[in-house]
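Let me begin by presenting the structure, written as structure tokens, before commenting on it.
The values are calculated or read from the model by the stated rules, or taken from the named source; none is laboratory data. For clarity, every value in this text was computed on a predicted model and none was experimentally measured. In this analysis, Cβ positions are derived from the backbone assuming ideal geometry, glycine residues included, and neighbour counts consider all displayed protein chains.
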Amino acid sequence: MPCQTYWRILPRWYIYKPPSDVIPFFELGHNFSFITPDSFGRWEVSEKYITSNSMLQHTLAPIFRPTYADYLAVAIYDKRKGDRNFAGSVTRGVLMADELGGVWIYHTVPGLVNLKNAVNAVLHSLRNIYPKPTYLRIPEKVQPLLPEWNLFKMPIIGAKPKTKNFVTRGSSLHVEFLARRPGDKESLYQKFAISKNIVLDVYGQSKSKYLTSICGKKYSVRNIDNISLKLPEKVIYLMNRTDRMWFAVSTAAHWQNLGSGPKQYWACISNLDKEDNSGAGGDLVCVENYRIWHTFDNFKVEEPNCIQ
């Protein structure tokens, strides 16, 4: 039976640990913040240390259980260092799959995906980015279900990768996966905003001293300078200059699409600096879900200005 919560909702987790120089006790993993399908509008704060009771450790635990070795396929990948002739890639994560389904851990666990199409689609897209596989195990019993996995170490060349669309089992979550190959300097944030005709607000650390904005009639890309984490006892303000998280949210204002379509509630996570022009491979993972969007949107202290 596929994994479900008590309320028969497929689990999806977003975990956020603020910079330890801002909140020192987060260095130990204590009081990390997270959202689940039951969260609405606010990030919840853990009351426990990251121990054996950790949701992330429980997700990864089957990898290390001998009883699952014949049934569970695992792919762990990390960023690949670039050199003079190769731009490298910055994506990292874990894929696990058996005959029933799979889990994809990006920076988070966005949801359980259907095995035959989505898990293979994710790995196919990752081959475009060419990350460095650090661990790969494909039991014989699931090899026919995972044809892309044997090719993980081989980069895809040729035409530019297309956006991958898939939904979690039961169509509970719509996901779009955008990939950028090493050597390509296209902005995935801009590409996504163009494809949806939305205003996309982006937060994250940048190596650039100047953050660019795009202020168009059909789409815009703006910068979020500061966010606030609203804990039960106080509100903590964080700056993009010290944080290591990159996310983007669409605005849901009535003017976002000039009245030409319905409001769109997109939340995206990435490992790419919005201003990156190194050509490193990377990706952008976006989900359309009001609860997730609302929680990320609540990070914003104020609506960003669009300054060109």
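The residues of the stretch 263-308 that are acidic (D, E) and surrounded by 17 or more Cβ atoms within 10 Å (Cβ to Cβ), listed by number, are D273, E275, D276, D283, E288, D297.
State whether the residues of the stretch 169-179 include one that is surrounded by fewer than 20 Cβ atoms within 10 Å (Cβ to Cβ), touching a helix residue (DSSP H, G or I) at 6+ places or on another chain (Cβ under 9 Å), outside any loop (DSSP other than H, G, I, E, B) and at pLDDT 90 or above. Yes, the stretch 169-179 contains at least one residue that is surrounded by fewer than 20 Cβ atoms within 10 Å (Cβ to Cβ), touching a helix residue (DSSP H, G or I) at 6+ places or on another chain (Cβ under 9 Å), outside any loop (DSSP other than H, G, I, E, B) and at pLDDT 90 or above.
Among the residues of the stretch 205-222, how many are in contact with a strand residue (DSSP E or B) (Cβ under 6 Å, 6 or more places away or on another chain) and at pLDDT 85 or above? Before the answer, list the steps.
Here is the first cut: in the stretch 205-222, the residues in contact with a strand residue (DSSP E or B) (Cβ under 6 Å, 6 or more places away or on another chain) are 211, 213-214, 220-222.
Now restrict to residues that are at pLDDT 85 or above: 213-214, 220-222.
The qualifying residues number 5.
Considering only residues in the stretch 180-218 that are of a type in the set (A, V, I, L, M, F, W, C) and part of a loop (DSSP other than H, G, I, E, B), the one that is surrounded by the fewest Cβ atoms within 10 Å (Cβ to Cβ) turns out to be L211.
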